[in-house]
Each structure stands twice: as structure tokens, then as C-alpha cells.
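Below: one structure, written as C-alpha cells.
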Amino acid sequence: MELAYYSDYAVRLVNTEEPARGKDTLTSVEAVRDLFGGNQSAARRATDADVTRFRSVRGRLRSVFEAADGGDETLAVDLLNSLLLEFPVSPQISGHDFRDDDGRPLWHMHLADHPSNATAGYAAIAAMGLAFHLTEYGVDRLGLCEAAPCRNAYLDTSTNRSRRYCSDRCATRANVAAYRARKRLEADRSENTGRAEDSAQASTASGERRSGSRGR
């Protein structure tokens, strides 16, 4: 398993809140445990106290994405480094659950956390995963959805660094909105052009009437 895989931990946590919509799904210990996915042994460590702690880490992780999305590379790295210092992990070689055709372990790198609580364990993995993604692909691969008011976090893994939205749904919604805006602009321009032509014709007709009157 590539260590950058763990960066999804950061995205999952950040996206439990949509500030612009006033939505927050991180409201219970069950919601905290759901974030761990298949890592049920770690999820079982979560208690009610972790809800508040998770929200604090979430805000700090969102700040990393905001700095990266705003082009402040140094700030994004500094914020992430502060998380790495506060929530350390130990990379270890692991072979559990993965076997080749001969039944031998498929060795891979694994992040082993040694937390005092569930938040510390999750934060350590999320920060380290995000750090590997950032150093492997670049700070500009950390983004926030441009489909307002979404602003969900995403990791850009496209070959041409072209991703702008967190999901196909948001991309479609943004494209439809842009299409409708173009149509409205075209309609406004057409209407303004028509009015200008009508005004020009009226002015020409008025001028012709005045000229004819002087001729008589």
C-alpha cells in the first residue's frame, strides 16, 4: 500500500463540514468511527471526547487545503509540518492481508500510530498521508472545489493538473451554471444590439424627415 493512500484520511475528515452551506456531519462518536473505514480496531478507541478533538484537527487540515488552493505554498507546508510534529507516526513494513500466488506476504509500507486517543491516531495518519501526497505530486495538487458553495477538499491526480471540482456532480453543476450564464449574456447582448439598431433606425428616419421638411 502506497503511503500517499493515507491522504484520503485528510480529505474524508475535512469534507465532514461544508461551511458555506452550514453543514456539519461530525456530530457524534459514531460519525468519528465511520471516518476510520475498515480500520475498526482504531475506530473502537473513539469516545465522545474525540468529537471536539476531531473538529479541531479538521479545521487545521482545511487550512492546509485553503493555503494550497490560494497559492501560498510555504504556508501550506508550514501548517502541515506543525501537524506532523504534533502527531508523529512510525513507518513500518507490513505484509498482513496481502499474499502473492505462492502465499508469500506482499510487503508494503504501513503507518503505525501510537496514539493516546483516537484523534491523535487519525490525525497522525491523515497528516503523514497528505505530506506524502504533497511531496510526491506538488502543493498545487491540493484543492478546494470551485463549484460554489461546495468548497470540498480534493486531491488532484489528473495527468495535466486540470482538476477543479471535488466530484463529477459538482463539475456537471458548474458546467451547467456556466452554460446558462453564457446564454443569458448572449441574450442580453442580442437584446442590446436590437435596441441599438432600433435606435439607429429611428434616428435615421427622424433625420430623413427633417431633411425632407427643409427641402419643401
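The values are calculated or read from the model by the stated rules, or taken from the named source; none is laboratory data. All figures in this text were calculated on a predicted structure; none of them were measured in a lab. Counting neighbours? That spans all protein chains shown, and the Cβs are built from the backbone with ideal geometry, glycine included.
The figures follow:
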| item | result |
| --- | --- |
| Residue satisfying all of: in segment 25-48; more than 27 Å from His110 (Cβ to Cβ) and touching a residue at least 12 places away in the same chain (Cβ under 8 Å); surrounded by the fewest Cβ atoms within 10 Å (Cβ to Cβ) among these | Asp48 |
| Exclusive hit being out of contact with any Phe, Trp or Tyr (no Cβ under 9 Å at 6 or more places or on another chain), under 30 Å from Arg45 (Cβ atoms) and either surrounded by 13 or more Cβ atoms within 10 Å (Cβ to Cβ) or modelled with pLDDT of 90 or more (or both), set Leu134, Leu142 | Leu134 |
| Any chance Ala181 is small (Gly, Ala, Ser) and outside the structural domain of Asn15 (by TED's automatic domain parsing) | yes |
| Cross-chain or 6+ apart pairs with Cβ under 8 Å, segment 73-90 first and modelled with pLDDT of 95 or more, then among the hydroxyl-bearing types (Ser, Thr, Tyr) | Leu79/Ser63 |
| Subset of segment 1-24 that is touching an Asp or Glu at 6+ places or on another chain (Cβ under 8 Å) and loosely packed, with under 15 Cβ neighbours inside 10 Å - its residue that is farthest from Thr119 (Cα to Cα) | Lys23 |
| Hey, Leu80 in the same structural domain as Gly138 (by TED's automatic domain parsing), over 19 Å from Glu146 (Cα atoms) and crowded, with 17+ Cβ neighbours inside 10 Å or not | yes |
| Selection from segment 81-110 of residues that are under 30 Å from Ala68 (Cα atoms) and assigned to a loop (DSSP other than H, G, I, E, B) | Phe87, Pro88, Val89 |
